[in-house]
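The values are calculated or read from the model by the stated rules, or taken from the named source; none is laboratory data. The structure presented is a predicted model; accordingly, all values stated were derived computationally and were not measured. Here Cβ is always computed from backbone atoms with ideal geometry, including for glycine, and neighbour counts include all displayed protein chains.
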């Protein structure tokens, strides 16, 4: 599926994936394990992401992807949907919203419903 979408992209831009979710949900850890082949134990030392981290990947020498690992404090999220909207959400191939199911607070889902 991803390979088909990348090959059909006429301007040769990479397949864009955005990781979003509340702070502490594990976006950077998931990116690190899945895309960088790090051990889950290595991610325990990660601090909160305080800006968008953009990382480019190439798979099988022909599949280009770019992953946007987003910062998730409330004020930054508001800018994502206002003055950074075009930069962040243009040409998105996939957005993954990550929930922390171990978080006892119900604010994860309530926040998403806003």
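Looking only at region 48-59, decide whether some residue is closer than 24 Å to residue 14 by Cα, at pLDDT 75 or above, more than 17 Å from the chain's Cα centre (by Cα) and exposed (fewer than 11 other Cβ atoms within 10 Å of the Cβ).
No - not one qualifying residue is present in region 48-59.
Which numbered condition in (1) farther than 21 Å from residue 90 by Cα; (2) surrounded by 14 or more Cβ atoms within 10 Å (Cβ to Cβ) is the only one that residue 68 fails?
(1)
For residues that are assigned to a loop (DSSP other than H, G, I, E, B) and either in contact with a strand residue (DSSP E or B) (Cβ under 7 Å, 6 or more places away or on another chain) or at pLDDT 90 or above (or both), tally how many sit in region 60-70. If you could, list the steps in order and put the result at the bottom.
Initially, region 60-70 is screened for residues assigned to a loop (DSSP other than H, G, I, E, B), giving 60-62, 70.
Narrowing further to those that are either in contact with a strand residue (DSSP E or B) (Cβ under 7 Å, 6 or more places away or on another chain) or at pLDDT 90 or above (or both): 70.
The total comes to 1.
Tally the residues that are outside any helix (DSSP H, G or I) and either in contact (Cβ under 8 Å) with a residue 12 or more places away in the chain or surrounded by 11 or more Cβ atoms within 10 Å (Cβ to Cβ) (or both), restricting the search to region 21-47. Walk me through how you get there before you give the answer.
First, the residues of region 21-47 that are outside any helix (DSSP H, G or I): 21-26, 37-39, 46-47.
With the extra rule that they be either in contact (Cβ under 8 Å) with a residue 12 or more places away in the chain or surrounded by 11 or more Cβ atoms within 10 Å (Cβ to Cβ) (or both), the set shrinks to 21-26, 38, 46.
Residues flagged as outside any helix (DSSP H, G or I) and either in contact (Cβ under 8 Å) with a residue 12 or more places away in the chain or surrounded by 11 or more Cβ atoms within 10 Å (Cβ to Cβ) (or both) within region 21-47 amount to 8.
Can you tell me which of (1) at pLDDT below 90; (2) within 19 Å of residue 97 (Cβ to Cβ) is the one residue 15 doesn't meet?
For residue 15, the failing item is (1).
Is it the case, given these coordinates, that residue 55 is touching a strand residue (DSSP E or B) at 6+ places or on another chain (Cβ under 7 Å) and assigned to a loop (DSSP other than H, G, I, E, B)? Talk me through it step by step, then tell me what you get.
Numbers: touching a strand residue (DSSP E or B) at 6+ places or on another chain (Cβ under 7 Å): yes; assigned to a loop (DSSP other than H, G, I, E, B): no.
When the stated conditions are applied, residue 55 does not pass them.
Check whether at least one residue in region 94-102 is part of a helix (DSSP H, G or I) and modelled with pLDDT under 90, and report yes or no.
Keep residues of region 94-102 that are part of a helix (DSSP H, G or I), which gives none.
The answer is no, given that none of the residues of region 94-102 is part of a helix (DSSP H, G or I) and modelled with pLDDT under 90.
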